[in-house]
Amino acid sequence: MPWCPKCRAEFREGFTQCNTCHIPLIDHEPDGTEDIPAPNPAEEQAQRKSRRRQRLLRVLHTVIVLLLALAVVFILQDIG
């Protein structure tokens, strides 16, 4: 099972990066002797921007779906 060397979280097979620390996973339980890669500030900022953009797109998608559903309800009320 993969492990995060920084937060010591255990992951299921198939994961390659910790979703909290955003660092590569190791294949054994950490014992404190592992090298933890230093974060790249530019890369972290780009990842934060990407996550923010994805969150905004999800919100916009949800709002559009809700507005379309409301439009359908109002159209069906006018017909009936």
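The values are calculated or read from the model by the stated rules, or taken from the named source; none is laboratory data. Here the structure is a predicted model, which means the values were calculated and not measured. FYI the Cβ positions are ideal-geometry reconstructions off the backbone, even for glycines, and counts take in every protein chain you see. Ligands, DNA and RNA are stripped out before the accessible areas are found, and what is left, the full protein with its side chains, is counted by its heavy atoms. Shrake-Rupley method; radii C 1.70, N 1.55, O 1.52, S 1.80 Å.
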Task: Whole-percent carbon and sulfur share, accessible surface of the chain, 1.4 Å - done: 60 percent
Task: Simple spin-label estimate for CYS7 and ARG52 in nanometres, 7 Å along Cα-Cβ - done: 2.1 nm
Open item on the list: Using the Karplus curve 6.51 cos²θ - 1.76 cosθ + 1.60 with θ = phi - 60°, what ³J(HN,Hα) values do you get for each residue of region 12-22, in whole Hz, with x for Gly and Pro?
Closed with: 6, 4, x, 7, 10, 9, 5, 7, 9, 8, 6
TODO: Report the net charge of residues surrounding ALA42, where surrounding means a beta-carbon distance below 14 angstrom and charges are Lys +1, Arg +1, Asp -1, Glu -1.
DONE: 0
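Work out the length of the dipole vector of the chain about its Cα centre, built from +1 on the beta-carbon of each Lys and Arg and -1 on the beta-carbon of each Asp and Glu, and round it to the nearest 20 debye. Walk me through the numbers before you get to the answer.
Values: 10 positive and 10 negative charges, 125 e Å.
Dipole of the chain, to the nearest 20 debye: 600 debye.
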- [ ] Whole number please: convex hull volume per residue, Cα atoms of region 4-70, in Å³.
- [x] 104 Å³
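With a 1.4 Å probe and all protein chains left in place, how much accessible area per residue does the chain have, in Å²?
On a per-residue basis, the chain sits at 84 Å².
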